[in-house]
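The structure under discussion appears below in the form of structure tokens.
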Amino acid sequence: MAQSGTSKPPLPFPYPPDSGRPNLCVPVLGRTEQEVLSHAALVQQAAPDLVEWRLDYLSDLEQATLNPIFAQLHHRLNGIPLLVTFRSKEEGGEQALSTEGYADLLTRVIESGQADLVDVEFRSPAAEVLIQTAHRCGVPVICSSHEFHHTPTEEELLTRMERMLALGCDIPKLAVMPEHPQDVLTLLSATTRMHERYPKCPIITMSMGQLGVISRLCGGTFGSAVTFGCAGQPSAPGQIPATQLRDILALFASNPNQT
């Protein structure tokens, strides 16, 4: 769990990855405590490097509901770092919150000390304040942006990630929807250029849907530090089963014993 501190907090996973492949993250979904914990057991069996709890699936977001689930999640995950995300309806999530409600929820999560990493949406008016709050509490931040209908230009993708860094985030994240194969190449090219500009900063990128599946498999080759798979129900278009994804990622991983 995150510790208090004034400096930029350390990441809860190795970067660059020790394995030579991107870190594998698997979301936990559920409307109730029972559903969340049941899905967490399934996710834990997939042996991910990182688990994302998607709060937008939860029917009750009061802290009295969250706290016992947090305690059980940490127990069941047995040391696997926990990323906490509320994905808003506007960004493809399950429910909408006002700016005030979103800021209140994430502030409560951050200040609870239960999140190893938190997702803050780039488009939220509260993004900069939430990033500052997270860092004050020693929690690193993924700043995320999703496009479900198109892929912006390469320059726009680069500019958006740099604006995320300007807000103070630790990891910029982009998810875009391709309309044709060239869009996937645009996303991967932007990933490579961003990685070359900021080699010490992890970035996360993906092209969604069936057309974009290849980016989830080979994104690490182009500089993406994390890829998302699923255990059961996917949380985004194009996610593939985590156990299959892990095997495929191993094929792309660099082998330090080979030259």
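Some values worked out for this structure:
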item: Per-region count, the stretch 105-114, residues without any contact (Cβ under 8 Å) to a residue 60 or more places away in the chain and open to solvent by 20 Å² or more (accessible area, probe 1.4 Å); result: 4
item: Residue identified as part of a loop (DSSP other than H, G, I, E, B) and either open to solvent by 20 Å² or more (accessible area, probe 1.4 Å) or under 23 Å from Asn67 (Cβ atoms) (or both) among His149, His135; result: His149
item: Answer residue from the stretch 33-55, given it is assigned to a loop (DSSP other than H, G, I, E, B) and touching a helix residue (DSSP H, G or I) at 6+ places or on another chain (Cβ under 9 Å) and is most open to solvent (accessible area, probe 1.4 Å) among those; result: Ala47
item: Enumeration of residues in the stretch 115-132 that are free of Cβ contacts under 8 Å to residues at least 40 places away in the same chain, surrounded by 21 or more Cβ atoms within 10 Å (Cβ to Cβ) and assigned to a helix (DSSP H, G or I); result: Leu130, Ile131
item: So Leu251, is it farther than 27 Å from Leu82 by Cβ, open to solvent by 70 Å² or more (accessible area, probe 1.4 Å), modelled with pLDDT of 95 or more and more than 15 Å from the chain's Cα centre (by Cα); result: no
item: Residue check for Val213: under 16 Å from the mean Cα position of the chain (by Cα) and within 30 Å of Val36 (Cβ to Cβ); result: no
item: Residue check for Pro68: assigned to a loop (DSSP other than H, G, I, E, B), of a type outside the set (A, V, I, L, M), open to solvent by 30 Å² or more (accessible area, probe 1.4 Å) and without any contact (Cβ under 8 Å) to a residue 40 or more places away in the chain; result: no
item: Qualifying residue in the stretch 90-104 (condition: buried (at least 17 other Cβ atoms within 10 Å of the Cβ), among the aliphatic types (A, V, I, L, M) and under 18 Å from Met164 (Cα atoms)); result: yes
item: Filter pass, Thr159 being at pLDDT 95 or above and β-branched (Val, Ile, Thr); result: yes
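The values are calculated or read from the model by the stated rules, or taken from the named source; none is laboratory data. Here the structure is a predicted model, which is why all the values come from computation and not from measurement. Quick reminder, even Gly has a Cβ in these numbers, built from the backbone with ideal geometry, and neighbours come from all protein chains shown. All accessible areas refer to the heavy atoms of the entire protein, side chains included, with ligands and DNA or RNA removed. Shrake-Rupley method; radii C 1.70, N 1.55, O 1.52, S 1.80 Å.
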